[in-house]
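What follows is a single structure, written as structure tokens, with notes after it.
Just so it is clear, none of the values below were taken in a lab; they were calculated from the coordinates. Values in this document were obtained by computation on a predicted structure and should not be read as measured data. Every residue, glycine as well, gets a Cβ built from its backbone with ideal geometry; the counts of neighbours run over all protein chains shown.
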Amino acid sequence: MTRVGAIRFAVIVGMIGALELACRLGLINHQTIIPPSEMASTLVTLLASGSLNADIARTLGEVMLVIGLSVVLGFAFGLVIHALPRVREALDPFFATYYAVPIFIFYPVLIAIFGLSAIPIVLIGVATAIVAMIIATLNGLDRVPPVLAKVARVHRLSPVTTALTLQLPAAAPYLFTGVKLSVSYGFIAVIAAEFILSPTGLGRDIADAYADFNNRRMYALILFLLIVATVVNGVLHALDMRWAERRSGGRS
Amino acid sequence: MKNSSLPHEVHAQVAGVTRIYPATGHHPPVHALGPIDLELGKGEFFAVVGPSGCGKSTFLEVLAGLQKATAGLVTFEGKAVSGEVADGIGVVFQEDASFPWLTVADNAAFGLRRNGIAEAEVRRRVDDALAFMGLKDFARAYPSQLSGGMRQRVCIARTLVLQPRLILLDEPFGALDAQTRLLMGDEVLNLWRRTGATVLLITHALDEAAMLADRIGAMSARPGRFIDVVKTGWPRERDSTIVAETAFGEITARLWERLRGESLKALGHAAMPAMAAE
């Protein structure tokens, strides 16, 4: 572990320790926050009982679907929009202001259309995440060296092969930013949508635990989501660093 | 200057070719090239020199099939070339066109794998090309770990493995220092001799053209036309030591004599009085 990594780890452990201590000493009301050790032990019990399995499968399944659709469709739309400058010119103001609009206001509309199912959740998730991927794709494609287009023509590559074998990897560092944002937006949108209105899922479970004043369950579920999100982002960060190192010659 | 015995078989031909870029927005059309006529003999090394912006790279791209000629005909091995790169043509560009996400070996293998060549054959050709280009020990390195000259060699290796019969080099050493350029010149001469390919080199360096080529086409300021074609008369077995030959200086001087006025035109100046008097 690097020195910076060790400091980072020590800060996190210190903060958890301080929270544990504050809860145990009664500095923080037990009705407000429970000690982290209790969150962890409750989570272990819940996971061991298997009672969370269905909700975990549903929520993570929806998150993965949202991320997959946003990344694939976002890249595809980005490619098409990049190839059509006039369309891009028309859409640019829309992209620039997209995140100024609270997309979640359309969630009730989607429920009215598709019913109380996974479809509105996935749609609201994709709607939240896809534009970040489109913008990242456009940004990445803008930075692909023009000479690669000539190389593609010298090798007589089709437009699809050019996109997949040259444009995609050449734009990868920027696309990866889009992937990371899609992952974050995917988690936020799915959990929030479940929290607001959904029959099942981890977000619903947290909302129910909150309504029932069941702090142990609520914090255990929050801890679970924090761990999942941290692990996923950690893996993405590690991949990003590895590729960046390769491109910059950091291993020489 | 010695008379060279050039091959007689025409490998590629450019007849009456012009290239005019159409008007865009408020910009009028640009007559970039021609009319140009040229025959490249099979196995010949031909260099094109000319002032900046004279259309050298446009000429190469029209010959390669990367751009369509506005008028005229380009043929390679008797078949018309127009807007599509023909099989057997390889191009090396001035810009670094190596793929930073692939190792040196995978860079070199790119075209072969796209063409569905069997992996054993890919490895054989790649090993051969990397050894030839002095990159064998760097097969597993990434381009970012190499110098500019080595990255350009990776691009040449990527072209070489496809066994092109016509190799087009667009100022491939433009970004390299003078000493590395001389050494790269030797490597290109080795490559040319070993493959037997026809080579067309675009360069702004008169000494590089004089050292490498059998014939050198001197191009006018835009629109680019050949105002002189100089035969160097060098033997096929040659290397960078020929820069010490008297003929080398004569060739370079003749090229500069032809190009000085054109270069001034390209810079937006009138010809110097001494030139005007000639």
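What the table shows:
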read-out	value
Span-rule helices in chain A, defined as complete DSSP H runs reaching 18 Å or more along the axis (Cα) with Kyte mean at least -1.0	A:3-24, A:36-49, A:53-83, A:85-97, A:118-142, A:172-196, A:215-248
Amide H contacts under 5 Å for residue B:232, placed H, 5+ residues apart	B:215, B:216
Estimated translational D of chain A in µm²/s (Stokes, Kirkwood radius over Cα pairs; 25 °C; 0.890 mPa s)	117
Net dipole in debye of the protein assembly as shown [+1 Lys, Arg Cβ; -1 Asp, Glu Cβ; about Cα centre; nearest 20]	200
Where labels lie 7 Å past Cα in the beta-carbon direction, separation of residue B:24 and residue B:82 in nm	2.4
Residues A:144, B:161, A:235, sorted so that the one with the fewest Cβ neighbours within 10 Å comes first	A:235, A:144, B:161
Cα radius of gyration and Dmax for segment A:107-233 (Å)	20.1, 67
If the convex hull is drawn through the Cα atoms of the protein assembly as shown, its volume per residue in Å³	220
Cα-based Rg / Dmax (Å) for segment A:176-252	17.0, 58
For the protein assembly as shown, share of DSSP beta bridges that run antiparallel, in % to the nearest 5	55
Label-to-label distance, nm, for residues given as residue B:114 and residue B:241 (7 Å Cα→Cβ offset)	4.0
Acute angle (nearest 10 degrees) that the helix B:119-132 long axis makes with the longest principal axis of chain B, alpha-carbon atoms	50
With Cα atoms, 0 to 90° folded angle of helix B:246-267 axis to chain B main axis	70
Positive-end extreme of charge dipole, the protein assembly as shown - chosen from A:53, B:112, B:223 (charges on Cβ)	B:112
Sites excluded, trypsin sites (Lys or Arg not before Pro) in DSSP loops with at most 14 other C-beta within 10 Å, longest stretch of chain A	A:1-142
Percentage relative contact order, segment B:1-123, counting C-alpha pairs under 8 Å, at least six apart	23
Exposure proxy order (Cβ contacts within 10 Å, fewest to most) of A:91, A:84, B:259	A:84, A:91, B:259
Chain B - percent relative contact order, Cα under 8 Å, separation 6 or more	25
Difference of contour (0.36 nm per residue) and Cα-Cα distance, residue A:239 to residue A:158	26.3 nm
FRET efficiency estimate (nearest 0.05) - Cβ-Cβ, residue A:15 to residue A:147, R0 56 angstrom	0.70
Segment A:93-227, relative contact order [Cα under 8 Å, separation at least 6], %	25
Efficiency of FRET between residue B:179 and residue A:64 - r from beta-carbon atoms, R0 60 angstrom, step 0.05	0.60
Förster radius 56 Å - calculated FRET efficiency between residue A:228 and residue A:89 (Cβ-Cβ, nearest 0.05)	0.90
Cross-link pairs B:79/B:265; B:68/B:231; A:180/B:68; B:42/B:265; B:79/B:136; B:42/B:68 - those with Cα-Cα distance over 32 Å	B:79/B:265; A:180/B:68; B:42/B:265; B:79/B:136
Rounded to 10°, Cα long-axis angle of helix B:104-114 versus longest principal axis of chain B	90
For chain B, the spread of Cα positions along each principal axis, largest first, Å	62, 49, 38
Of A:15, A:133, A:218, the one that fluctuates the most in a GNM where chain A has Cα springs shorter than 10 Å	A:15
Along principal axes, Cα extents of segment B:89-163, largest first, whole Å	30, 26, 22
